[in-house]
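So the structure is just underneath, and the comments pick up after that.
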Amino acid sequence: MLTNISQVNWFIVLLICGIMISLEMTNSAFEKFLDLMYPEYNKEIGEIKDITAGVVQTMSYVAIIIGFTIFIIK
(Lines give C-alpha, C1' and ligand atoms only; values in the text may rest on other atoms or scores of the structure.)
Protein backbone atom coordinates (compact mmCIF):
# COMPACT_ATOMS: atom_id res chain seq x y z
CA MET A 1 0.00 0.00 0.00
CA LEU A 2 1.02 3.55 -0.67
CA THR A 3 0.85 4.91 2.86
CA ASN A 4 0.16 1.78 4.87
CA ILE A 5 -3.50 2.56 5.60
CA SER A 6 -6.37 0.15 5.20
CA GLN A 7 -8.65 -0.16 2.19
CA VAL A 8 -11.53 1.16 4.29
CA ASN A 9 -9.54 4.30 5.11
CA TRP A 10 -8.68 4.76 1.41
CA PHE A 11 -12.37 4.45 0.60
CA ILE A 12 -13.14 7.15 3.20
CA VAL A 13 -10.46 9.44 1.76
CA LEU A 14 -11.81 9.01 -1.79
CA LEU A 15 -15.37 9.51 -0.58
CA ILE A 16 -14.46 12.73 1.22
CA CYS A 17 -12.60 13.99 -1.88
CA GLY A 18 -15.66 13.25 -4.01
CA ILE A 19 -17.95 15.00 -1.56
CA MET A 20 -15.70 18.07 -1.46
CA ILE A 21 -15.49 18.34 -5.26
CA SER A 22 -19.24 17.81 -5.59
CA LEU A 23 -20.03 20.45 -2.96
CA GLU A 24 -17.72 22.96 -4.64
CA MET A 25 -19.28 22.32 -8.05
CA THR A 26 -22.78 22.60 -6.59
CA ASN A 27 -21.87 25.85 -4.85
CA SER A 28 -20.42 27.29 -8.06
CA ALA A 29 -23.46 26.28 -10.09
CA PHE A 30 -25.82 27.72 -7.47
CA GLU A 31 -23.93 31.03 -7.46
CA LYS A 32 -23.99 31.21 -11.27
CA PHE A 33 -27.72 30.50 -11.22
CA LEU A 34 -28.33 33.27 -8.70
CA ASP A 35 -26.22 35.66 -10.78
CA LEU A 36 -28.40 34.89 -13.82
CA MET A 37 -31.65 35.28 -11.89
CA TYR A 38 -30.60 38.43 -10.02
CA PRO A 39 -27.91 40.28 -12.02
CA GLU A 40 -28.18 43.43 -9.91
CA TYR A 41 -26.69 43.55 -6.41
CA ASN A 42 -29.01 42.14 -3.78
CA LYS A 43 -28.02 41.90 -0.11
CA GLU A 44 -30.16 38.81 0.54
CA ILE A 45 -28.67 36.98 -2.46
CA GLY A 46 -25.21 37.85 -1.14
CA GLU A 47 -26.11 36.30 2.20
CA ILE A 48 -27.36 33.14 0.48
CA LYS A 49 -24.06 32.90 -1.42
CA ASP A 50 -22.16 33.35 1.84
CA ILE A 51 -24.14 30.55 3.47
CA THR A 52 -23.53 28.13 0.59
CA ALA A 53 -19.82 28.99 0.67
CA GLY A 54 -19.93 28.31 4.41
CA VAL A 55 -21.25 24.82 3.73
CA VAL A 56 -18.19 24.10 1.58
CA GLN A 57 -15.87 25.60 4.18
CA THR A 58 -17.43 23.57 7.00
CA MET A 59 -17.05 20.36 5.03
CA SER A 60 -13.43 21.25 4.29
CA TYR A 61 -12.80 21.47 8.04
CA VAL A 62 -14.39 18.05 8.48
CA ALA A 63 -12.23 16.70 5.64
CA ILE A 64 -9.10 18.07 7.32
CA ILE A 65 -10.03 16.41 10.61
CA ILE A 66 -10.74 13.09 8.88
CA GLY A 67 -7.49 13.30 6.90
CA PHE A 68 -5.54 14.14 10.04
CA THR A 69 -7.14 11.21 11.83
CA ILE A 70 -6.39 8.76 9.02
CA PHE A 71 -2.88 9.87 8.04
CA ILE A 72 -1.40 11.24 11.27
CA ILE A 73 -3.14 9.38 14.09
CA LYS A 74 -2.79 5.70 13.20
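The values are calculated or read from the model by the stated rules, or taken from the named source; none is laboratory data. None of the values given here were measured: they were computed from a predicted structure. Backbone-built Cβ (ideal geometry, glycine too); neighbour counts: all protein chains shown.
Here are some notes:
- Within segment 47-68, considering residues that are of a type outside the set (Lys, Arg), more than 15 Å from CYS17 (Cβ to Cβ) and in contact with a helix residue (DSSP H, G or I) (Cβ under 9 Å, 6 or more places away or on another chain), the one surrounded by the most Cβ atoms within 10 Å (Cβ to Cβ): THR52
- Residue in segment 59-68 that is touching a residue at least 40 places away in the same chain (Cβ under 8 Å) and among the hydroxyl-bearing types (Ser, Thr, Tyr) present: yes
- Residue within segment 45-52 that is of a type in the set (S, T, N, Q), farther than 20 Å from GLY67 by Cβ, modelled with pLDDT of 95 or more and assigned to a helix (DSSP H, G or I) present: yes
- Across segment 1-43, the number of residues qualifying as surrounded by 13 or more Cβ atoms within 10 Å (Cβ to Cβ), of a type in the set (A, V, I, L, M) and assigned to a helix (DSSP H, G or I) comes to 7.
- Condition broken by ILE73, with the remaining ones in (1) among the β-branched types (Val, Ile, Thr); (2) modelled with pLDDT under 95; (3) assigned to a helix (DSSP H, G or I) satisfied: (3)
- If you go through segment 49-74 and pick out every residue that is touching a Leu at 6+ places or on another chain (Cβ under 8 Å) and of a type in the set (Lys, Arg), you end up with 1.
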